[in-house]
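Single-structure report; data block below.
Bear in mind that the values in this text are calculations on the coordinates, not laboratory data. Keep in mind that this is a model prediction, so the values were computed, not measured. Note: ideal-geometry Cβ built from the backbone for every residue, glycine included; neighbour counts use all protein chains shown.
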Amino acid sequence: MRAPSVVRLSMRPLAASWFAASLCLATVIPGAAQQPETTPPAALIRPQPLEMHGHVRTDNYYWLREREDPEVIAYLEAENAYTEAMLAHTEAFREALFEEIKGRIKQTDLSVPFFRDGFYYYTKTEEGKDYPIYARKKGSLDAEEEILVDVNELAEGHGFTSVRWPAVSSDGNIIAFAQDTVGRRFYDVRFKDLETGELHPDEIDAVTGNMTWANDNRTLFYSKQDPETLRWYQIYRHVLGSDSSQDELVYQEDDVEFSCYVLKTKTQQYIMIGCSQTLSNEYRYLDADEPDGEFEVFLPREPDHEYSIEHFGDHFYINTNYGAQNFRLMRAPVDRTGKEHWEEVIPHRDDVLLEGFDVFRDFLVVAERKDGLRQVRIRSWSGEDEHYLNFGEPAYAIYPSNNPELDTKLLRYRYSSLTTPYSVYDYDMETREKTLLKRDEVLGGYDPADYVTERLYAPARDGVRVPVSIVYRRGTEKNGENPLLLYAYGSYGASRDASFSSVRLSLLDRGFIYAIAHVRGGQEMGRWWYEDGKLLKKKNTFTDFIDVAEYLVAEGYTNPDVLFAQGGSAGGLLMGAITNMRPDLFKGIVAQVPWVDVVTTMLDSSIPLTTSEYDEWGDPNEEEYYWYMLSYSPYDQVEAKDYPNMLVTTGLHDSQVQYFEPAKWVAKLRALKTDDNLLILKTNMEAGHGGASARYERYRETAFQYAFMLDLLGIEE
């Protein structure tokens, strides 16, 4: 998920002429004379006319998309140098924040092991090491440890490393693991024999890392992306011991609005190929015992029909929005999957969103969302006995954990709240007893009683009530003087639950209030909440955020002189929109990998994610959507006016929001803004969308963001 791109320009007067801009750019071209390091870099203006629907927009910074151009790299490096210069006085403070953040986190730790096919699997971290170690024990937790993959070893010599959880063959003897060393999400797959500890000679390069084994323990299905758009569009079959260049293409998705992936049912009986677009799904299935067979279509795709499936017994179970805006659960015999054979298991409800489900031998577990909060519903297969878990807090986050075993009465889940650290529970679905297996330890004497959580509902301008989750240190007075960080996402129907962060304590303990605005575009209040924040209603996301901010000011939680906003990716689009719409409302903005050039990106089908997201944002080739998107696109709406202090981050290898969107946005803001507030761009030259891969570097990135805000308030160590 990301955020977009565009162009329309109000040209600056003579000061922004080609000549004047060229003089400024001299500071960022290698070998050029140096200006004072605190002089903001100025990107060279190279007007690019863009025409659509009879409307010509001029994009002065279109050239920044040339990733291999030395001048582009020089400009990004100059921005980094300027950023460091402007915050050089906070270096000691940032280091102290880093040590403080690191000091709360248990550096040597072990995840709760989960049981699958005779082994206990887990990850562990070790002090001084940046990356996890994947391991297992056979039969008992007292057995000898077996290292599957030590990511620290794979990361040696690389500035970035991402390794996905290894795919283990059904007999437990072979793993396939995928490594990305750039950050653009091209993974190289390698195979390891767990009996000998040796690597197989097989190599599969530059694929997605999405893969699953057939039951013969020698056939691996995997997905491959388009090298230009990065769309997942092919499924291949690899037989261990063969040359991957000879792998068989078993499916290709030719509709550019769809992506495809491969997975296995929980029963391990079927290999599934899923095809998805924003508002439509399609699945194919194959007996996992017959990997050389042909995939069958479960149900042909239809516009506006979203569904997901799982297998249990003699049926496929389907979570579908067919005739049900908030989804309902259906089932179909494995040999008759057409809708005419479906029967209802859980009906549609207007006030409850059915988000997903899991199957066990004796129980069906359903994830629902009501009044903005996720609920877990457990029922026997007969449907005669059911109940809900009770979590006892006003705002929280509940996620299913690893539940690979079918024949168990234990449901494992992860729970946290704004004051409760991440906790792993086993819940006995028969006795209704829950057992806390682990709660993340917060070092340094953390006491949840020292903090207060609230759940509010802010009135939006059209009468809708927007949920807000809040946390602050006990004793904080609502006198309007408290610094407050307001966060939101608000796109793709992704709900943002109120979860814990030990890192966040560095703000709370310095007097900050932290708030999450559950704005439209997410799915917190049901499917309609999403529908009301997309396409031609997208501006509701932005106005909801502004209305929440104004409500928090009116209720005495904060005031505009100490109010900050934060969002990333599509949440970065939100940040860009609100800075254009209400720059006076915020002291500062932290925009992480922001999607800000909406129209230009959505007009460029070569950019990753564009074609698959027309149903989220609209297709600007259609005039109605073009003008609507143009009216809120942050890059296009930059004007000559005052803006708040801004920290903008990006990654050179970002595959979801291309680095040039925030780079162009900052360049245009520099040219047009009329204030003296701080505007800095920080580009990670070795990372992608998720930022640094090494955990210590991630702590430093957070410390940098916190120092940016605290310094603006005059809060020092």
note = Residues meeting the amide H criterion for residue 316 (H placed from the backbone, H to H distance under 5 Å, 5 or more places apart or on another chain) are 332, 334
ask   = Tell me, what is the percent relative contact order of the range 416-543, built from C-alpha pairs under 8 Å that lie six or more residues apart?
value = 23
note = When the charge dipole of the chain is computed with +1 on Lys and Arg Cβ and -1 on Asp and Glu Cβ about the Cα centre, the Cα farthest towards its positive end, among 646, 167, 55, belongs to 646
query = What is the dipole size for the chain, taken about its Cα centre, with +1 at each Lys and Arg Cβ and -1 at each Asp and Glu Cβ, in debye to the nearest 20?
reply = 1900
request  = Would you please put 43-55, 318-330 in order of how densely packed they are, using the mean number of other Cβ atoms within 10 angstrom per residue and starting with the highest?
outcome  = 318-330, 43-55
task = Find the percent of Cα-Cα distances in the range 107-150 that exceed 11 Å, and round it to a whole number.
result = 62
inquiry  = How long are the semi-axes of the equivalent ellipsoid of the range 354-405, taking √(5λ) for every eigenvalue λ of the Cα gyration tensor, in whole Å from largest down?
reply    = 20, 13, 9
ask   = Around residue 116, which amide H atoms from residues at least 5 apart in sequence, or from another chain, sit under 5 Å from its own amide H, with H modelled in the peptide plane?
value = 121
message = Viscosity 1.567 mPa s, temperature 4 °C: give me the Stokes-Einstein translational D for the range 411-470 in µm²/s, with Rh taken as the Kirkwood radius over C-alpha pairs.
response = 90
message = From the phi angles alone, apply the Karplus equation (6.51, -1.76, 1.60; θ = phi - 60°) to the range 482-490 and give each ³J(HN,Hα) in whole Hz, x where the residue is Gly or Pro.
response = 7, x, 9, 10, 9, 10, 6, 10, x
Cβ charges +1 (Lys, Arg) and -1 (Asp, Glu), total dipole of the range 363-441, debye = 260
Two-site label geometry, residue 624 and residue 382: point separation in nm, points 7 Å out along Cα→Cβ = 5.3
query = Can you put 38, 181, 600 in order, fewest other beta carbons within 10 Å first?
reply = 38, 181, 600
request  = Based on other C-beta atoms within 10 Å, arrange 59, 675 from fewest to most.
outcome  = 675, 59
query = Summing +1 for each Lys or Arg and -1 for each Asp or Glu, what net charge is found among the other residues whose Cβ lies under 15 Å from the Cβ of residue 358?
reply = +3
request  = Step through the residues of the range 663-675 one at a time and calculate ³J(HN,Hα) from phi using the Karplus curve (6.51 cos²θ - 1.76 cosθ + 1.60, θ = phi - 60°), rounding each to whole Hz and writing x for Gly and Pro.
outcome  = 5, 5, 4, 5, 4, 5, 4, 4, 6, 10, 5, 10, 9
task = Grab the alpha carbons of the range 173-266, take their convex hull, and tell me the volume per residue in Å³.
result = 114
inquiry  = Let me check I have the definition right: for the range 233-359, take the eigenvalues of the Cα gyration tensor, multiply each by 5, take square roots. What are those semi-axes in whole Å, largest first?
reply    = 28, 17, 12
note = Env charge @ residue 104, Cβ radius under 11 Å, K,R +1 / D,E -1, value -2
ask   = Ordered by residue, what ³J(HN,Hα) values in Hz, to whole numbers, does the range 140-155 give under the Karplus form 6.51 cos²θ - 1.76 cosθ + 1.60, where θ = phi - 60° and Gly and Pro are x?
value = 8, 6, 8, 6, 5, 6, 10, 7, 7, 8, 9, 5, 4, 5, 5, 7
task = May I ask what percent, to the nearest 5, of DSSP beta bridges between residues of the chain are antiparallel?
result = 85
Rough spin-label spacing in nm, given labels placed 7 Å along Cα→Cβ, for residue 255 and residue 301 = 0.3
request  = Would you pull out the residues with amide H under 5 Å of residue 145's amide H, same chain only if 5 or more places away, H placed 1.01 Å from N?
outcome  = none
task = For the chain, count the residues as N, evaluate 2.2 N^0.38 Å, and divide the Cα radius of gyration by that value, please.
result = 0.97
task = For every helix of n ≥ 4 consecutive DSSP H residues, a contribution of -39,500 (n - 2.57) applies; sum these over the chain, divide by its total residues, and give [θ] at 222 nm rounded to the nearest 500 deg cm²/dmol.
result = -5500 deg cm²/dmol
message = At R0 = 41 Å, how high is the FRET efficiency between residue 325 and residue 110 if r is their beta carbon distance? Nearest 0.05 is fine.
response = 0.45
task = Let me have the relative contact order for the range 310-350, percent, based on Cα pairs under 8 Å that are six or more residues apart.
result = 34
Added length on full extension, which subtracts the Cα-Cα distance from 0.36 nm per residue, residue 531 to residue 336 = 67.0 nm
query = If you place +1 on the Cβ of every Lys and Arg, -1 on the Cβ of every Asp and Glu, and leave all else neutral, what size is the dipole of the range 123-244 about its Cα centre, to the nearest 20 Debye?
reply = 560
request  = Rank 378, 122, 576 by how far each Cα sits towards the positive end of the charge dipole of the chain (+1 on Lys, Arg Cβ; -1 on Asp, Glu Cβ) and give me just the farthest.
outcome  = 576
request  = Note down the relative contact order for the chain as a percent, whole number, built from C-alpha pairs under 8 angstrom at least six residues apart.
outcome  = 13
ask   = trypsin sites (Lys or Arg not before Pro), restricted to the range 347-413: which are DSSP loop and have at most 15 other Cβ atoms within 10 Å?
value = 361, 409
query = Considering only 625, 590, 182, whose Cα is most displaced toward the positive end of the charge dipole of the chain, charges sitting on Cβ of Lys, Arg (+1) and Asp, Glu (-1)?
reply = 590
remark   = For the range 62-141, using Cα atoms only, the Rg and Dmax in Å read 21.7, 59
